[in-house]
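Below is one structure, written out as C-alpha cells; the observations come after it.
The values are calculated or read from the model by the stated rules, or taken from the named source; none is laboratory data. Nothing here was measured: the structure is a model prediction, and the numbers come from that model. Neighbour counts run over all protein chains shown; Cβ positions are idealised from the backbone, glycine included.
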Amino acid sequence: MALFLSTFVNKVDRKGRVSVPATFRAALGAQRFPGIVAFSSFKFPALDCCGIDRMEELSIRHELLEQFSEDYENLSALFSGVHELPFDGEGRIVLPAHLAAHAGITEQAAFVGQGSMFQIWEPQRFEERRAAVLERVRRQGLKLPPLGRGTQ
C-alpha cells in the first residue's frame, strides 16, 4: 500500500490543475489507476485522498458491515462522493470545482501526508489546524497502540 509523508504546497492554475508531489506520485506508481482518488472530508474543510488500492480495501471492509445498518449506509455515502482524478502528462490533476470549494482551495493547495492516505487543504487553513493539533498533543501527549493491536 502507498505511504504518504510530509507536506507540500503547490500552485493551482486557472483551470484547476495542480501538480501532485513527486513522492506521492511515486508511492502510487504501482497501482492500476494512474492518479488519485479524492472525496470531501466528512470532518474537515479538506479533501481526503488515496490510491485506488486503499479504496478497494475500504470497499472490502464496507462489505463486512451489516448491509442495512447505519454504519453501512454511512460508509456508502463516502463511495458516492469519490472522484478518480487521473494524472496528466506532467503529474497534475484537475480539482473538480465543488471539491476545491469544499476545501476553500483557490490559488494554492497543501498536500498533507497521513500515512496510507493524504489530505489536500487550503494552506492557511491547514496551518491553523496543524497548530491546534500540535497544541493538543503538547497538552495531552501522544499515545500509540502497541503493534498488532487495534490495527485493521
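Does Gly104 qualify as being of a type in the set (Gly, Ala, Ser) and farther than 20 Å from Arg130 by Cβ? In short, no.
Just to be sure I understand, how many residues within the stretch 87-123 are farther than 17 Å from Phe33 by Cα and of a type in the set (Ser, Thr, Tyr)? Total meeting the criteria: 1.
Given the residues Glu66, Glu84, Glu90, which is the only one that is in a loop (DSSP other than H, G, I, E, B), modelled with pLDDT of 95 or more and out of contact with any Lys or Arg (no Cβ under 8 Å at 6 or more places or on another chain)?
Result of the check over Glu66, Glu84, Glu90: Glu90.
Among residues of the stretch 14-37 being assigned to a loop (DSSP other than H, G, I, E, B) and out of contact with any helix residue (DSSP H, G or I) (no Cβ under 9 Å at 6 or more places or on another chain), the one that is surrounded by the most Cβ atoms within 10 Å (Cβ to Cβ) is Pro21. The number of residues in the stretch 14-49 being under 14 Å from Gly91 (Cβ atoms), out of contact with any Pro (no Cβ under 7 Å at 6 or more places or on another chain) and in contact (Cβ under 8 Å) with a residue 12 or more places away in the chain comes to 12. Going through (1) at pLDDT below 95; (2) surrounded by 15 or more Cβ atoms within 10 Å (Cβ to Cβ) one by one, Ser40 falls short only on (1).
Taking Ala77 as the residue in question, decide whether it is closer than 16 Å to Ser40 by Cα, modelled with pLDDT under 90 and either assigned to a strand (DSSP E or B) or not hydroxyl-bearing (Ser, Thr, Tyr) (or both).
yes
Close Cβ contacts (under 7 Å, 6 or more residues apart or on different chains) running from residues in the stretch 77-102 that are farther than 10 Å from Val20 by Cβ to residues that are loosely packed, with under 12 Cβ neighbours inside 10 Å and of a type in the set (D, E, K, R) comprise Val94/Lys15. Within the stretch 1-13, if we keep just the residues that are among the β-branched types (Val, Ile, Thr) and within 18 Å of Val94 (Cα to Cα), the residue that is surrounded by the fewest Cβ atoms within 10 Å (Cβ to Cβ) turns out to be Val9.
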